[in-house]
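Any read-out appearing in this document is the output of simple, stated calculations on the displayed coordinates, not a laboratory observation. Everything quoted here is computed from the prediction, not taken from an experiment. Cβ placement follows ideal geometry from the backbone for every residue including glycine, while neighbour counts extend to all protein chains displayed.
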Amino acid sequence: MKISKTIANEFISDAKKSVGNAIVSNRDLDWAIVQRVQNGEVSAFNQLVQKYRQSLFSIIYNMTGNREDATDITQEVFIKAFQSINRFRGQASFYTWIYRIAVNSSITFIKKAKKQRFINYETIDETLVSSEILEYFTAKTKTEKGALLTELQEKLNEALQKLSPKHRLVVILHEVEGMNHKSIADIMKTSEGTVRSRLHYAKKMLQSFLQDYIS
Amino acid sequence: MDNKKHPSLEDLLKLKKAEQPDDLFWEKFDSKLQARALQTFIRQEPWYYNIASLVNKYVLSASMACGLIFMLGMALYLNLGSERNAFLSELAFPNEALLSAEELVDYAVVGNDALEKDYAVEIISIKGASEAYDFEADAISVAIGDTVDYSDAPVYASSDSLRISNQYTQLASFAF
């Protein structure tokens, strides 16, 4: 029993090290690409675009609720990052830096957009849908399933748009993107406590908006 | 809906993660981003360049307008000046060849108080007579040049037959 515990502990520490190394190497990898861009290898920036475009688009799309706006803002984020890349000194990770640009751009856009834009939604990739949701649809026919998914998407988007930009952002970063409180706090330049508080309040609000659709 | 089968809020939020654009979207995204990035390479003129170009444009237009006004003014001034000089020189040194003996006498007559009243009476009578006449251009008789008959029949400008039949008549009607 003791041996097995020791082995388990060793395994866990190794795993932690490898995860840590992976994080460090990921950050270092980004920094290496940034340095290449800063030294004039402009095409290297495309690697950063390929790496972050999907998650940045996802955040911005969920913030704005509009595909066209999200496309424009995501492109603007990359252009801003490219234009300011010489000012990036590697003190924070590139990941935090570019997410901060995305978050600020989204909030600025939402504040500027006076009228409510048309909310649309992307097609759901069913391979990414959680087993709980799939279980919910098991008894339904294909038509019923499609209609229900669309309805859920609509209601969820509507509920998210009812939240304030800061509360919406915390929910998106934590629940959709799976970020931890520390990363969110770094991106939003706030404390972890504030992030937790905002997340708690936002989820409470969402539960009240979606009470007919969730357990 | 059966409550037992309802998903949790967290599960529902994971639906958002599953909302993914297709590959075609990313292809368009990349090409559009590339185009926008290339636009940033185009060197933008500094802000003062636009002001300078605007100033240049307006200064050029204004200077051209000023030049034109100056030239017109000068031309007018010189023209008036020459007329005035001629008039003054005529006053100062009257051309005696132009002044006939009668005119000299007229000057003398104008100076006569007794005759001034007569001039005034003449002017009034001429004005009164001019109002009495009724000029009718269409009814004025013209001479027809190439005919033996110097007819004084009236020519009507609206008469097509006359215009066609005689070119001189036509010319006469145009003249009026």
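How high is the FRET efficiency from A:Lys111 to B:Cys66, r the C-beta distance, R0 41 Å, rounded to 0.05?
Values: r = 49 Å, r/R0 = 1.20.
That gives a FRET efficiency of 0.25.
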_Relative packing of peptides A:189-202, A:95-108, B:59-72, A:164-177 - highest average C-beta neighbours within 10 Å first_ = A:164-177, A:95-108, A:189-202, B:59-72
*Sticking with the crude label model, points 7 Å out along Cα→Cβ, report the distance from A:Arg100 to A:Leu148 in nm, one decimal please.*
4.4 nm
*Note down the nm distance, to one decimal, between modelled labels 7 Å out along Cα→Cβ at B:Val59 and at A:Gln211.*
7.2 nm
*asked:* I need the calculated FRET efficiency for the pair A:Arg89 and A:Tyr201, taking r as the beta carbon distance and R₀ as 35 Å, to the nearest 0.05.
replied: 0.50
*In sequence order, what are the phi-derived ³J(HN,Hα) couplings for the range B:26-32 according to the Karplus relation 6.51 cos²θ - 1.76 cosθ + 1.60 with θ = phi - 60°, rounded to whole Hz, with x for glycine and proline?*
5, 5, 5, 4, 5, 5, 5
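Between rounded, prolate and oblate, where does the range A:141-213 land on the alpha carbon gyration tensor, with a ≥ b ≥ c its root eigenvalues, rounded for a/c under 1.5, else prolate if a/b exceeds b/c? Spell out each step's value before the answer.
On the way: a/c = 3.13, a/b = 2.20, b/c = 1.43.
Judged from the Cα gyration tensor, the range A:141-213 comes out prolate (a/c at least 1.5, a/b above b/c).
Determine the sum of side-chain charges near A:Ser208: Lys and Arg each +1, Asp and Glu each -1, restricted to other residues whose C-beta is under 14 angstrom from that of A:Ser208. Can you show the working numbers first?
Working: positive: A:Lys155, A:Lys162, A:Lys203, A:Lys204; negative: A:Glu158, A:Asp212.
So the surrounding residues net to +2.
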*Mind listing the long-range amide H neighbours of B:Glu19? Cut-off is under 5 Å, sequence gap 5 or more, other chains count too, H placed in the peptide plane at 1.01 Å from N.*
A:Asp125
